[in-house]
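All remarks here apply to the structure that follows.
FYI, it's all coordinate maths here, none of it is from the lab. In this text, all values refer to a predicted model and were calculated from it rather than measured experimentally. Cβ placement follows ideal geometry from the backbone for every residue including glycine, while neighbour counts extend to all protein chains displayed.
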Amino acid sequence: MQVSGGGAMLRLENVHKRFGQLEVLRGINLDVRRGEVVCILGPSGSGKSTLLRCVNLLEPPEEGEIFLEDKDICRGAGTPSGEGGWQLDFVRQRVGIVFQQFNLFPQKTALENVTLAPEKVLKRSREEARAKGTALLERVGLADKLGEYPDRLSGGQQQRVAIARALAMDPHVMLFDEVTSALDPELVKEVLDVLRKLASEGMTMLVVTHEMGFAREVGDKVVFMDEGVIVEQGKPADVLDNPREERTKRFLGLVLER
Amino acid sequence: MNEIISQYFDLSEMSKHFDEVFDGFVITLELSLIAGALALLWGLILSLLRQLPGRPFLPVRFVTIAYIDVFRGIPLLIIILLISGSLAFLPLPDAITIPHWLGKPDTFWYGVMALTITYGAYMAEVYRAGIEAVPGGQMEAARSLGMSHGQAMRNVVVPQAVRKVIAPLLNDFIALMKDTTLVGVIALNEVAHVGRDIQGEAFNSSALTLGAIMFLVVTLPLARLVDKLISREQSRFTRGAPRVEAL
């Protein structure tokens, strides 16, 4: 096992990702400490989502290294070895992801959505999985929706189920991919409140978002991406109020004048 | 007009031969149910083999696609004749080459084999359409929770896919049921074969008409059921429609 990262929870070194001719990530370097909340901003197409999907190997990078808890999870990136070359199990049991479109399993109730993977992957007993799932759904404020199917839930409720589902695997890092972008404005707060709570409990989080207020308030670090590179990163107040780079200024100007 | 009625709808002919025709139809039903169940299973297996991801499974995918294309392109009748005419001469155990399982004649099992081989290929395509209709985010969500490809297929994708394709699968089953009559050419006493024997002796087609009516008794309700399932599936995606209970 290659060791590097110096105690960082997550460390990306020169990560590249291509889709055919299109190079979506062009050398990303990023350190995330344990318990840190990193908010990633940037225009659409800048590679924010792809970055998250690289971290949990849904889209393994072609080049570069990713260290998770000091373990190189994609050694030999770019070799045609298929999934065998990557530490899929190691990653998937430590990194949870929540998607913009929720992706709940429609044929299963809220509670079954949360208990499925712990039962099948972690081999937990049904009782244990249900007890834990119930507690998690209570934690996201859905104690009264355990038996509901996703299509009976509002977008905000569905997204909170999706968060509980990811938490049920006891992740060490949580990735949030524009989790409020598909929600009606009045439902955004209930989801962000769950994220705030998680952050205050010390969860390590990578949050791709367009919610500037959230980034400023909850983020320990803000990263601004454009065209596949990190243009600027730093404390929220520095990046959001006193951006150094011209591209960051332009983007923030466009977003804030809405 | 009288000739039409006496040739095709002679009630005394029908009642005289009802028992024989009905016995033939029972064989038709048995053949349909056994071959139908096996084809449903075989088709699912083929569609799953076809979906195996990654480079190591490329040969499996290739062979599966070739199988599906070949057997969708060959007439069922030819498959029946190929099996019944030569299987008995192959260097395999008699239990396979001249099967008499469950007390049924070998021609019955040759029919089951041919129907399963052919309709498995058709149904694999139906399953594939269902699997591809499940949004990719479902597989991603399952994989991101640590499930293997197989676990994700079994617990997440296939249950949704099957629900989407119940109606088209039933359609294929109706087609399979009608095609069981082709097995009559290798002298299995299914309903068409029985009807044809009577037709040859009596110079009258009413017994065959009776067989056709027996088919309709089964296929018409099935066709209505298919329609109902389709409209139900569509209403699930219609805005504002009441939620339909899962099948």
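Key figures for this structure:
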| quantity | calculated |
| --- | --- |
| Neighbour-count ranking [beta-carbon atoms within 10 angstrom, fewest first] of A:HIS172, B:HIS149 | A:HIS172, B:HIS149 |
| Cα-based reach from B:LYS104 at 23 Å (exclusive), listing lysines while leaving out same-chain residues under 8 positions away | B:LYS178 |
| FRET efficiency, 1/(1 + (r/R0)^6) with R0 41 Å, evaluated for B:ALA133 and A:GLU23 via beta carbons | 0.80 |
| Span-rule helices in chain A, defined as complete DSSP H runs reaching 27 Å or more along the axis (Cα) with Kyte mean at least 0.5 | none |
| Inter-part distance where the stretch B:190-212 and the stretch A:124-163 are each reduced to a Cα centre, Å | 62 |
| Options B:PRO99, A:LEU252, A:ALA164, ranked by Cα towards positive dipole end of the protein assembly as shown, top entry (Cβ charges) | A:LEU252 |
| Under 13 Å from A:LYS235, Cα to Cα: aspartates and glutamates that are on another chain or at least 8 residues apart | A:GLU36, A:GLU217, A:ASP220 |
| Net charge, A:PHE67 excluded, C-beta distance under 14 Å - Lys, Arg +1, Asp, Glu -1 | 0 |
| Global geometry of the stretch B:76-215, whether rounded, prolate or oblate, following the gyration tensor of its Cα atoms and the 1.5 cut on a/c | oblate |
| Angle between chain B longest axis and helix B:206-236 axis [Cα atoms, degrees, rounded to 10] | 20 |
| Cα-based Rg / Dmax (Å) for the stretch A:8-69 | 11.4, 36 |
| Exercise: per-residue mean of other protein chain Cβ atoms within 10 Å, B:132-144 | 5 |
| Percent antiparallel among DSSP beta bridges (both partners in chain A, rounded to 5) | 55 |
| For B:ASP19, A:ASP70, order by how many other beta-carbon atoms lie within 10 Å, fewest first | B:ASP19, A:ASP70 |
| Where labels lie 7 Å past Cα in the beta-carbon direction, separation of B:ARG232 and A:GLU138 in nm | 3.7 |
| Fewest-first ranking of A:ASP184, B:ASP179, B:ASP23, using other Cβ atoms within 10 Å as the exposure measure | A:ASP184, B:ASP23, B:ASP179 |
| Surrounding net charge for B:LEU44, when Lys and Arg each add one and Asp and Glu each subtract one, Cβ distance under 13 Å | +1 |
| Simple spin-label estimate for B:SER15 and A:GLU62 in nanometres, 7 Å along Cα-Cβ | 8.1 |
| Residue-averaged 222 nm ellipticity for chain A, from DSSP H runs of 4+ at -39500 (n - 2.57), nearest 500 | -10000 deg cm²/dmol |
| Estimated FRET transfer efficiency (A:LEU256, B:LEU82; beta-carbon r; R0 60 Å; 0.05) | 0.20 |
| Helical contribution to [θ] at 222 nm, DSSP H n ≥ 4, -39,500 (n - 2.57), averaged over chain B, rounded to 500 | -24500 deg cm²/dmol |
| Flagged links, alpha-carbon separation over 29 Å, of A:LYS123/A:LYS145; A:LYS132/A:LYS221; A:LYS145/A:LYS189 | A:LYS132/A:LYS221 |
| Rounded to 10°, Cα long-axis angle of helix B:158-179 versus longest principal axis of chain B | 20 |
| Modelled FRET efficiency - R0 25 Å, B:ILE74 with B:LYS178, Cβ distances, 0.05 increments | 0.90 |
